[in-house]
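Contents: one structure, followed by commentary.
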There are 2 protein chains.
Amino acid sequence: MANAMAAPTSKLLYLDDLHVGRRFTSGTHTLDERQITAFARAFDPQPFHTDPEAANETLFRGLVASGWHTAAITMRLQVDGGLPIAGGIVGLGGELAWPKATRPGDVLHVESEVVDVVPSRSRPDRGIVTVRSETRNQRGEVVQTTTVKLLVPRRAKMDGAIQKTEGG
Amino acid sequence: MANAMAAPTSKLLYLDDLHVGRRFTSGTHTLDERQITAFARAFDPQPFHTDPEAANETLFRGLVASGWHTAAITMRLQVDGGLPIAGGIVGLGGELAWPKATRPGDVLHVESEVVDVVPSRSRPDRGIVTVRSETRNQRGEVVQTTTVKLLVPRRAKMDGAIQKTEGG
C-alpha cells in the first residue's frame, strides 16, 4: 500500500464531535495486477482473482480483486486519515455490498458519512457511531458500500463533556 | 496461509444441489503474531493490530487481528473446501459481525449453513444462495459471523435439470 496517498489527518474526533451528516473523504489508492493476485493467493485463490488468462473465461471477463481485498484497502484508506476517530477505528460489524468489480488500474477512494450517534447508557465513556461508506473508482462508480458500527470514546469529563448527574 | 489445513474438497455443488439447512465445515487455520502484524501493516495499521506492547494499553489488552484479516482467513478456509460451490465463491454482499477478538495462537475454522436458495427469474442459468457462517476459535467461541449472498450457477440443461418450458 506504499502508493496510498493519505488525506491530511484532521484532529482526531470523539463521540462528542460527531453528528449525523458529518462527511469524510479519504486519500486514494491505485490497484494493480500484482496487488490483486498477491492478496488472492494468500486469502482468495480463485481463478478470477489469481490468473488474468483464466479470468477472461469467467463471468467477470477479466481479472478482478477479491471483495475482501477491496474491503481491506477501504480500511487502510480510512485508517490513513479517511476517518479520523479518536482511539482508532474499532468496528463491531455491519453490512457490506460489492455492486461492481474492482480491476487492475482502478484508483479507489472512500467517502464516508455519519448516519447515527448513540451514547452508551451503561458506559458514559463511550458510544456507538454508525458510518456509511462508499468506495469509488476513478469514474465515480461505487465498488463497495459498507455500513459499520464503530466503538467511539467520549471526551473525558475534564475536557468539558456534560455528564448526567446521579440523582440530579 | 501455508498452515491452512484444507478440508477434503467435496464434489462442487450447483444451485440445484443446495437446500436450506445444508451445512459445511472448513479445515483449520492457526493464527500467529507475525501474520496478524503483517496483515495489519498492509491494511489496518493501528497499534492494537501492529504492536504487541502498545496493544496492552488499549481496550483489547493485547494484540488482536484486524476484523478484515479474520474475514480474509474465513474466505480462504471456504475456498479451500469449506464451501464447495461450482463456479467459485462469488459474493454480492451481506452482513458481518465480530463478537469477539481474534488473537495470536487462535485456531480458526468456519461452520456454514445454507439459509436461502432463490433461483433467478430472469436468468435460468443461475440463482442466489444465502449462506450464514460462523468463524470459531479453538474454544468454540464465535469470532465472526457473516450472512452473505452468493451467485451460484444451475446445472446445464443437458445435466438433467428441469427447466420451465416456454408456454408449457
Tilt relative to chain A, helix A:67-77 - C-alpha long axis, 0 to 90 degrees, to 10:
50 degrees
FRET efficiency, A:Asp51 to B:Leu59 (Cβ-Cβ, R0 45 Å, nearest 0.05)
0.60
Per residue of chain A, what 222 nm ellipticity follows from adding -39500 (n - 2.57) for every DSSP H run with n ≥ 4, rounded to the nearest 500?
-4500 deg cm²/dmol
For the protein assembly as shown, size of Cβ-based charge dipole, Lys and Arg +1, Asp and Glu -1, in debye:
560 debye
How far is B:Arg132 from the same spot in each other copy, in nm, shortest first, if each label point sits 7 Å from Cα toward Cβ?
2.6
Can you give the average number of partner chain beta-carbon atoms within 10 Å of each beta-carbon in peptide A:59-68, as a whole number?
3
At what distance in nm do the modelled label points of B:Glu113 and A:Ile128 sit from each other, each positioned 7 Å from its Cα along Cα→Cβ?
2.3 nm
Ignore the peptide's own chain and count Cβ atoms of other chains within 10 Å of each Cβ in B:88-100; give me the average, rounded.
6
With at most 16 neighbouring Cβ atoms within 10 Å, loop GluC sites (Glu not before Pro) (DSSP) excluded, longest segment of chain B
B:58-140
When the accessible area of segment A:26-111 is computed with all protein chains present and a 1.4 Å probe, what percentage of it is carbon and sulfur?
49 percent
Give me the angle, in degrees from 0 to 90, between the Cα long axis of helix A:33-43 and the longest principal axis of the Cα atoms of chain A, rounded to the nearest 10.
70 degrees
Cut-off 10 angstrom, C-alpha nodes, Gaussian network model of chain B. Which of B:Lys11, B:Lys149, B:Lys100 fluctuates the most?
B:Lys11
Counting Lys and Arg as +1 and Asp and Glu as -1, each charge on the Cβ, what is the dipole of segment A:31-168 about the Cα centre in debye, to the nearest 20?
640 debye
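The values are calculated or read from the model by the stated rules, or taken from the named source; none is laboratory data. Remember, predicted model here, so these are calculated numbers, not experimental data. Don't worry about glycine lacking a Cβ; one is built from the backbone with ideal geometry, like all the others, and counts go over all protein chains shown. Protein only, heavy atoms only, side chains kept; ligands, DNA and RNA dropped before computing areas. Shrake-Rupley method; radii C 1.70, N 1.55, O 1.52, S 1.80 Å.
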